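The values are calculated or read from the model by the stated rules, or taken from the named source; none is laboratory data. Small disclaimer: the values here were computed from a predicted structure and weren't measured. Quick reminder, even Gly has a Cβ in these numbers, built from the backbone with ideal geometry, and neighbours come from all protein chains shown. Side chains are part of the model used for accessible areas, which takes the heavy atoms of the whole protein and leaves out ligands, DNA and RNA. Shrake-Rupley method; radii C 1.70, N 1.55, O 1.52, S 1.80 Å.
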Amino acid sequence: MSSPEVHHVSTTMVRPASCIDEPTGNHRRIDLSPGDLVFLRIAYMQKGLLYSNDEKCINEKISNLKTSLSHTLDHFLPLAGRLAIEKHEDDNTISVYIDCNSEGVEFIHATSDISVEDIVSPTYVPQSLIDQLFTLTGVRNYQGQSHPLFSVQVTELRDGAIFIGCSANHSVCDGTSFWHFINSWSAIARSAENHASSPPPVFERWFIKDTDRPIHLPFSFADKLSAAVRDTTTTEVSPLEGLVERCFHFTKANIAALKARANSEIISETKQNMVISSLQALLAHVWTAVIRCRSSLNDNYDDSRVLVVLILMNNRTKLIPPLPETYFGNSLVGGLVTLKEGELIKKGSGVLASLLKEMVNSNNFEKSRSFIESWIEKPIMPGPAGDGPEIYSNMLVARSSQWFNMYGNDFGWGRPIAVKTGRNGKNYGVTTVSPGPVEGSVDIEICLPVEVLKAMENDAEFMEAFSS
């Protein structure tokens, strides 16, 4: 049976409400920092919100969404711009910046035979359905030279529900910035006034010193960053070969029990001053189950195999001076932990939780400065998952955050009933952390082979965390 199709009704380029045509070259320029540049070859972020049917007129909803989006862009002008490359003939280098030219963001109104139940009922995320609810799948951030930096598809489902699928350029904003924008848009949409209620975004990019601005990249990067795709079609991406995604829902009580257990294990090892956080306990529980169940399926399992886990963390408060939470750009740091799989299976999730805690505690300004300085000396721009050889063949990655305000986005017809992510950025072991629909709960989405997920579902130690 073929999947229900999505049909585009209209496509509009929404510009800032106060936009006035300016002469070429008179736009504000925002030079990208190393934290932005490192994402240039990665695909756009894709986050979506599902809303139940409230029987309000769909045309009024679409009109209000466009109008409020236009007014929101007045406060977030960089998203309405495009990326641009400047060539420096004097030293044969290039630099990349945001041209705040107000070309606008893409707004697509679509319809589909997909229903709410089609999205939320399956045990495994129906990625083939979800993919149709997003735009710019496979488009990489450097292609923001010709593609909009933000695109939204508002899809009417057959039962009257609505899915708002957003794709944002990750070289322009990180998750904290993205949800600041969405929160502001929803606030404007449901209010009579066209102004944002949240603190205004800060666009000025952070550099170690002003002489680093703009960052000069080797001229050889010009070819890598050429915008080969000049039309509005999406780039083909390979399916999740052999992988499926499942969302595990942890209640507030579940998480408290896992945290208490992890901390009791640490105390028993005399690490009295170390307190494991809820997220560290949760990720350690999930990832330990992944390795335990995966090893049980492999007759030739090697317990000396090294596992690498990576957590992407908001780094605003670690910089000197610290950045405000409203900093609109990328301020992320990747924390790496390695250990032998056999040790993890033998000792349990407590050992991983303690290593995660040690990694978080060691994150400081000196490490950030050292990374940035070395990156400027030798820029590295990794490609998307599955693009060429991987740096690590055995990695689990955590992205997003349970602290983002996802379920508070009421556009005037109530709170969302589910949060979903698009295809971009997904690969083996990619773990997406989101708040659950009930306050204090957390949803963990993870991509794995179906046999590993089934083994986890039959693993008593893992499933015990879901008992009442």
- Message: How long are the semi-axes of the equivalent ellipsoid of the chain, defined as square roots of 5 times the Cα gyration tensor eigenvalues? Whole Å, largest first.
- Response: 35, 29, 21
- Helix-only CD estimate at 222 nm, as mean residue ellipticity for the chain, using -39500 (n - 2.57) per DSSP H run (n ≥ 4): -8000 deg cm²/dmol
- Item | Cβ-placed point charges (K, R +1; D, E -1), dipole of the range 102-218 about Cα centre in debye, nearest 20 | 380
- P(r) tail for the range 44-182, what percent of Cα pairs lie past 24 Å? 38
- Compute the label zone of T11 within the range 123-146: residues whose backbone N is under 15 Å from the point 7 Å along Cα-to-Cβ. 133-139, 146
- Message: As an exercise, find the ratio Rg/Rh for the range 142-223 from alpha-carbon atoms, using the Kirkwood inverse-distance average for Rh.
- Response: 1.09
- Fraction of accessible area attributable to carbon and sulfur, the range 50-186 (%, probe 1.4 Å): 43
- Query: For the range 167-177, what does the Karplus curve 6.51 cos²θ - 1.76 cosθ + 1.60, with θ = phi - 60°, yield as ³J(HN,Hα) per residue in whole Hz, taken in order and with x for Gly and Pro?
  - Reply: 10, 10, 5, 6, 7, 9, 8, 9, x, 4, 5
- Message: Under the 0.36 nm per residue contour assumption, what length would be gained going from the current alpha-carbon distance of E439 and F371 to full extension?
- Response: 20.9 nm
- State the percentage of accessible surface on the range 343-468 attributable to carbon and sulfur atoms; use a 1.4 Å probe and exclude ligands, DNA and RNA. 53
- Message: So for the range 40-91, considering every pair of alpha-carbon atoms, how many percent are separated by more than 14 Å?
- Response: 75
- Query: Suppose every K and R has +1 on its Cβ and every D and E has -1 on its Cβ; what is the size of the dipole of the chain about the Cα centre, in Debye to the nearest 20?
  - Reply: 840
- For V202, other-chain or 5+-apart residues with amide H closer than 5 Å (H placed, Pro excluded) are Y327, F328
- Task: Place a label point 7 angstrom from the Cα of V120 along the Cα-to-Cβ direction, then list the residues of the range 137-163 whose backbone nitrogen is under 18 Å away.
- Result: 155-163
- Average accessible surface area per residue within the chain, 1.4 Å rolling probe, Å²: 44
- Which value, in debye to the nearest 20, describes the size of the charge dipole of the range 245-350 about its Cα centre when Lys and Arg Cβ atoms bear +1, Asp and Glu Cβ atoms bear -1, and nothing else is charged? 260
- Entries of K318/K357; K318/K340; K47/K252; K209/K378; K87/K224 with Cα pairs more than 20 Å apart: K318/K340; K47/K252
- Query: Where the convex hull is taken over the Cα atoms of the range 294-413, what is its projected area averaged over directions, in nm²?
  - Reply: 11.7
- Item | Computed label-point distance, nm, for sites T211 and R415 using a 7 Å Cα→Cβ extension | 5.2
- Calculated FRET efficiency for the pair V450/S63, C-beta based, R₀ 45 Å, to 0.05: 0.60
- Towards the positive end of the charge dipole of the range 238-348, with charges on Cβ (+1 Lys, Arg; -1 Asp, Glu), say which of G335, L323, Y301 has the farthest Cα. L323
- Task: Would you work out which of Q143, C166, V154 lies farthest towards the positive end of the dipole of the range 111-171? Charges go on Cβ: Lys and Arg +1, Asp and Glu -1.
- Result: Q143
- Query: Can you give the extra length, in nm with one decimal, that the chain gains between F466 and R158 once fully stretched, where that is 0.36 nm per residue apart less the Cα-Cα distance?
  - Reply: 107.6 nm
